[in-house]
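Input: a single structure, listed below in structure tokens.
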Amino acid sequence: MDQPQHGRYRKPLASKFTARRMRLLTERIERITVDHLDAMEKAGPPTDLVTAFARPIPAVMICELLGVPYQDRGSFQENVESFMSGETSDEDLIAAVTATYDYLTALVAAKRTHPTDDVLSELTDTDLTDDELRGMALVLLAAGLDTTANMLALGTFALLRHPEQLAALRADPALTDHAIEELLRYLSVAKTFMRAALEDVELAGRTIEAGQVVVASFHTANRDPERFTDPHALDLHRRVDGHLAFGHGAHLCLGAQLARVEMRVAFPALINRFPTLRLAVPAEEVALRPETADIYGVKSLPITWDV
Ligand code: HEM
């Protein structure tokens, strides 16, 4: 989407990611993280990190941003998971998308009549129509949930496969910010995006004609040997300024700061709570998502620890 429509949606949304809201959300992320770690500890090993930890944290965050009431969250999240997995049958996919659409239609109506302290309620105070608000809620869901969930799960998988890097991160909490940027680069969970050329463009000696669609691979750019030395290596000490995991330019990820806060809280809390954290199955048996999924990820991540 280009200007002016893009600005019509991006501007009001961007203005809702205020310092106050980020502070409140950070407190909530800390609380939710501790609650989920407590539950994992209580239930004992082994467990699936995706369902126990990696998915619920961003899911709760998106529900809080949208103001999804607590009692609706279970079925709401199930429907969303089913249309993000890349493996749902057409019939189930249509059912899940329809249920989510219907739910969001009712949610927008509820926020108009009974606004609460959330982004969706605040957006009802603009000239955006109900249909547009529902569309924006869907964008937030699609953009914010699966991406962060897979960063947490795949990020943990990557750390467990590089024990020396994991040990360095445990030993030096000051490394956390670097580590997160390197994991973002290395994993590039949002793999590719499409763009249509508005006019003829010359790129790397080729002409892309107006109207042609190109697939831009953030993943490949983030592994460019001319940009990053030894690009296929995970190196938490590396300086990774300018990676493209959150995109670039006019469509740069609006939730990047929120995603970073989620990871800054969740990764250290997890690895410090379970000093003996390890995979519960051989790494080759961890099931990765199929290529058809838009977002790179693991289906489940069986983990265990000493009690
Ligand atoms: C680690 C987690 C995340 C990753 C890797 C990620 C990645 C991306 C990327 C690559 C884009 C650019 C897409 C393009 O150029 O077409 C994008 C856009 C976007 N992201 Fe994220 N994202 C993450 C988390 C979030 C979160 C938590 C939210 C919101 C709560 C969010 C909201 C958005 C929105 C609204 C856009 C569209 C911006 C626009 O088109 O103007 N993202 N994200």
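The one condition from (1) without any contact (Cβ under 8 Å) to a residue 60 or more places away in the chain; (2) surrounded by fewer than 13 Cβ atoms within 10 Å (Cβ to Cβ); (3) closer than 30 Å to Trp305 by Cα; (4) within 16 Å of the ligand (Cβ to nearest atom) that Asp177 does not meet is (1).
Is it the case that the stretch 32-45 has a residue that's surrounded by 13 or more Cβ atoms within 10 Å (Cβ to Cβ), of a type in the set (D, E, K, R), out of contact with any strand residue (DSSP E or B) (no Cβ under 8 Å at 6 or more places or on another chain) and touching a residue at least 24 places away in the same chain (Cβ under 8 Å)? Yes, that holds for at least one residue. Considering each residue of the stretch 209-229 in turn, none proves to be within 10 Å of the ligand (Cβ to nearest atom) and assigned to a loop (DSSP other than H, G, I, E, B).
Residue by residue, here is whether (1) surrounded by fewer than 17 Cβ atoms within 10 Å (Cβ to Cβ); (2) away from the ligand (no atom under 13 Å from the Cβ) holds:
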| position | (1), (2) |
| --- | --- |
| Ala245 | no, no |
| Leu252 | yes, no |
| Ala266 | no, no |
| Ala283 | yes, yes |
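Screening Pro115 against (1) in a helix (DSSP H, G or I); (2) surrounded by fewer than 19 Cβ atoms within 10 Å (Cβ to Cβ) leaves a single unmet condition, (1).
From the list Leu169, Leu183, Leu145, the lone residue that is at pLDDT 95 or above, within 30 Å of Gln77 (Cα to Cα) and not in a loop (DSSP other than H, G, I, E, B) is Leu183.
Evaluate the stretch 57-68: report whether one residue or more is more than 16 Å from the ligand (Cβ to nearest atom) and either assigned to a helix (DSSP H, G or I) or within 22 Å of Ala259 (Cα to Cα) (or both). Scanning the stretch 57-68, I find no residue that is more than 16 Å from the ligand (Cβ to nearest atom) and either assigned to a helix (DSSP H, G or I) or within 22 Å of Ala259 (Cα to Cα) (or both), so the answer is no. Only residues that are in a loop (DSSP other than H, G, I, E, B) and not charged (D, E, K, R) were counted across the stretch 274-307, and they come to 18.
The values are calculated or read from the model by the stated rules, or taken from the named source; none is laboratory data. All figures in this text were calculated on a predicted structure; none of them were measured in a lab. Heads up, the Cβs are rebuilt from the backbone with ideal geometry, glycines too, and the neighbour counts pull from every protein chain shown.
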